[in-house]
Amino acid sequence: MNIVRVICIILLLTGTSFAIENFDKQDVANQSRFCTISSDSKVLEFDTTGVKIRSFAPMLVLKTGLLKPNTRYILKMKVHASNGDDKSFLHFLIRNMVDVPYIDGTDIIKYNVPSSAVPQDIFIKFKTPEDAEKYAPSFMVHKNLKCKISDFSIKEDDSIKFISIKNDYTKFEGIPSENIPTGAKEFSIDQPNNPTGEVVEASRFGIVPEKNVSFKSIKKALAYCKKVKASKLVFKKDARYNLFEDGTIIISQMEDFVFDGNGATFVFRKYSRNPNFYIQQNTRFKICNLKIDWDWETSPLASLAEIIDVNKEKEYIDFKLVHYKKHPQYPNYLRFAMCSPWDAKENSVGLERETNFIYDMHKGRHPEPKFEWLTPNTIRIYGKQAFQKSAKKGFLLRVQHFYYDMTNMTMDSNYHITLSDITMLSCAGHAFGIRDQQKYTLFDNVKIIPPNDKKRIITTTADHLHVASSQGYIKLENCDFSYGADDCINFHDNSSYGTRLSENSIESRHSYGNIGDKIEFRNNDYSPLNFTATLKAKKEIGKKKYELVFDKKIPNSKNGNYVIFNKKHNTHNIIVRNCYFHHNRARGILVLARDVTIENCKFKRNEMGAIKLETGYTNNSWCEGYGVNNVVVRNCTFEECNPRGNENWGFEREIFMGAYLKIDPSSEQSKYPVIRNALFANNTFINNYGMLATIGSAENIIFADNKFKNTKSRKFPQEYRNGFFATHAKDIIIVGNEFEKSDLANKFGVWYENSSTSNIKILGNKIVEKKENN
């Protein structure tokens, strides 16, 4: 019997309509042979091992009508998912069961629990929408899995309290100097120093403008430079070089060397995943005076599309590619990867409460969607996206034809490297990536900006700068990052997550570290174990399963699970100064690092918020950061950030501080202060639409001498606009700030979870009337 045909079980609950506890067997209608409930109604179990399941299959659905509208709840359960492979997991949802079919992005909760050797305690906070009576908790399985669920409950959350911020002329004695974060220490980057080295002209090696340039010819030029210890390789001034083949410019193990574009533009078109530039293990290296672009004439990175027809019965949407009479990819397959709602008035992504359309985000991972060209600039795409609320005539989307496909420039383990006067017009994937043991990096006057062409609605199709690991000392000055498809900057080191296998080994999803690396162990709430061991061996024990063996016995953790840090990486001492981050999808800057100063910068229309200070791990995907400590953000301007209205813990916010545990994001937070010592001072916030900051897993967070004002209304106004929220936090100081009162924002204060938050100080703040000229 095909399990997809198994009838979902409807569980009728006794007691209050708004508190769900356990699984009442008496109220079960049509129970499948794969699913059993214990005689005391406290345990739900199912076992689909040995059954052929191609994708998702429902196990249990609770009835609708149990949840109140616009209400905050706490969900708890203990889950032990086992006997599964890397693709198996429990899929728990709170989903609209009335309006079918399912519309992506409408679930209140979507939480996956993969197979694990030990049970997991799940804790989720959520807020219901206006139509909450249509939603119900649902247990599904993906692939084959054995699962036991107990201690299940959903109860109203009454833990949030409020402290008002009022005019306060109390003299503030000041914050003890030892508690004031200082940020990064100033430092400099050593420049190439080779005054007697040869200056090499690229033209000597057949590198000719306007014609297709072979990567082999550039390789020969660089090999010659390395051999004679040249000081510089220089290209023809303001020329255009076409690199229309698969290949990479590799610059490796050179000292005191400059790659000087001399104002030239390198235009790439390629389809391999290799980077355009791979810069590795150089010392005192500089790349400068260069423009980088993609061949839009043949293969546009993105197109502006207008929905001109929606057919829910036949499940398709017709898109008009508005800037083309004939699209360059016609009549071939045109990939719709990430499709972001487009604000025509602001000429950027980011529309309130509107979510992305996704068809073929990760190329090759799923079958291509069915499509057909109706005209040379009109395409029909089939799929359930026709049921999304934004699927309506006239709606505009920025359609990406590339996403995380490659990286423009990967920098690996360089020592004192400078990028100066570089303009990135567009690229497929990340613009810049840093990894491994790179130390001392300077970005000076690096711009990621589109040219003045209405078709050019995207720069980079992923992050602008992605630091996956490093040894720190990173400086950005006078940079402009904009119009990319993901975060402007993500600073972090990769961590990993594992479960004990033996007294000196753990099982991890990642082949983490190299033999001989020093690895620090933490509990899975990031509290320290004060233990470091050397990686002795590692071996693959299953698909995406690795045994990591260490040189000594591993101490017990709180629950048999661990987070581990590779000590050879330490992304810290970062300065971001006089920069502009704007009009991008996702966030401005993600700080998963220590000793960071962000000053004199401007943030505008970062779609999902300006800054995140965070660290976290997921059970089945990324694990990033070693904690955040000593961060200063000062003299910056924030304007209209998070126009989409992204939330954490049920609150829209401009700045997020917190951990993510098991999934990203997570309402579960740590009692241990993963985020410590952050100061936001002398900043101006214009049209912040929700909480100024949501703060969790944190200690010693200071907001001092900032100004807040609002001039724009919202379709969905929030009473907490320009407020703060804190959970699992202590020593929160709000002092000397100025809040402009208006019809748009007039309830200033701190909302906090009373059972986990302590020592909130609010002193010396001012509430002023709206100024006439605003």
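The values are calculated or read from the model by the stated rules, or taken from the named source; none is laboratory data. Note that the structure is a prediction, hence the values are computed from the model and not measured. Glycine gets a Cβ as well: all are built from the backbone with ideal geometry, and neighbour counts include every protein chain shown. Protein only, heavy atoms only, side chains kept; ligands, DNA and RNA dropped before computing areas. Shrake-Rupley method; radii C 1.70, N 1.55, O 1.52, S 1.80 Å.
Observations on the structure shown:
- Protection proxy ranking, highest mean first, for peptides 374-386, 257-269: 257-269, 374-386, where packing is the per-residue count of other beta-carbon atoms within 10 Å, averaged.
- Relative contact order (percent, whole number), region 660-727, Cα cutoff 8 Å, 6+ residue spacing: 37
- Across the options Ile94, Gly197, Ile175, the greatest Cα extent toward the positive end of the charge dipole of region 51-207 (unit charges at beta carbon of Lys, Arg, Asp, Glu) belongs to Ile94.
- About the centre of its Cα atoms, the chain shows a dipole size close to 1260 debye [charges on the beta carbon of Lys, Arg (+1) and Asp, Glu (-1) only; nearest 20 debye].
- Extension reserve of the Ser272-Ile767 stretch, reckoned as 0.36 nm per residue once the Cα distance is removed: 172.6 nm
- Region 355-432 and region 252-272 have Cα centres separated by 25 Å.
- For region 159-167, 3J(HN,Hα) computed residue by residue from phi via the Karplus equation (6.51, -1.76, 1.60; θ = phi - 60°) reads 8, 8, 10, 9, 10, 7, 9, 10, 4 Hz, glycine and proline entered as x.
- Computed in the context of the full set of protein chains, the accessible area of the chain at 1.4 Å probe radius has 46% of its extent on carbon or sulfur.
- FRET efficiency for the pair Lys52 and Asn530, taken as 1/(1 + (r/R0)^6) with r the Cβ-Cβ distance and R0 = 60 Å, rounds to 0.80.
- In this simple spin-label model, placing a label point 7 Å from the Cα along the Cα-to-Cβ direction at both Asp158 and Asp705 gives a separation of 4.4 nm.
- Relative contact order (%) - region 399-523, alpha-carbon pairs under 8 angstrom, separation at least six: 21
- Global geometry of region 317-393, whether rounded, prolate or oblate, following the gyration tensor of its Cα atoms and the 1.5 cut on a/c: oblate
- Residues within the reach of a label modelled at Lys389 (point 7 angstrom out along Cα to beta-carbon, backbone nitrogen below 20 Å), restricted to region 100-132, are 100-111, 126-132.
- Here's the list of lysines a cross-link from Lys568 could span, going by alpha-carbon distance under 22 Å and ignoring same-chain residues fewer than 8 apart: Lys185, Lys439, Lys475, Lys518, Lys536, Lys538, Lys539, Lys552, Lys553.
- Each of Asn683, Ala704, Asn746 was placed along the dipole of region 617-748 (beta-carbon charges, centred on the mean Cα), and the one lying farthest toward the positive end is Asn746.
- 5 angstrom amide H check on Cys601, placed H, neighbours 5+ away: Asn578, Cys579, Cys636, Thr637
- Listed candidates (1) 28.0; (2) 27.0; (3) 36.8 - label of the one calculated as Kirkwood radius over Cα pairs in Å: (1)
- Extension gain, Asp238 back to Asn83 (0.36 nm per residue minus Cα-Cα distance, nm): 49.7 nm
- Here the chain carries DSSP beta bridges of which approximately 45% are antiparallel, counting only pairs with both residues inside.
- Helix axis angle, 215-228 relative to the chain longest principal axis, alpha carbon, degrees: 60
- 3J(HN,Hα) couplings calculated from phi for region 669-683 with the Karplus curve 6.51 cos²θ - 1.76 cosθ + 1.60 (θ = phi - 60°) are, in sequence order, 10, 9, 6, 7, x, 5, 10, 10, 6, 10, 10, 10, 9, 6, 9 Hz; Gly and Pro show x.
- Under the Karplus curve 6.51 cos²θ - 1.76 cosθ + 1.60, θ = phi - 60°, whole-Hz ³J(HN,Hα) for region 35-52, x wherever Gly or Pro sits: 10, 10, 10, 5, 4, 8, 6, 9, 10, 10, 9, 8, 9, 10, 5, x, 10, 7
- Size descriptors for region 639-774: radius of gyration and Dmax over Cα atoms are 14.5, 49 Å.
- Prolate/oblate/rounded call for region 182-327, Cα gyration tensor, a/c under 1.5 rounded: prolate
- Across the options Cys147, Gln253, Tyr526, the greatest Cα extent toward the positive end of the charge dipole of the chain (unit charges at beta carbon of Lys, Arg, Asp, Glu) belongs to Gln253.
- For the chain, the relative contact order comes to 9 percent (Cα pairs under 8 Å, sequence separation of at least 6).
- Inter-part distance where region 539-585 and region 749-769 are each reduced to a Cα centre, Å: 34
- Each Lys and Arg Cβ is given +1 and each Asp and Glu Cβ -1; about its Cα centre, region 691-774 then shows a dipole of about 320 debye.
- Think of it as helices only: each DSSP H run of n ≥ 4 in the chain is worth -39500 (n - 2.57), and spread over all residues that comes to -500 deg cm²/dmol at 222 nm.
- Prolate/oblate/rounded label for region 426-497 (Cα gyration tensor, a/c 1.5): oblate
- Across all directions, the shadow cast by the convex hull of region 331-465 built on its C-alpha atoms averages 10.6 square nanometres.
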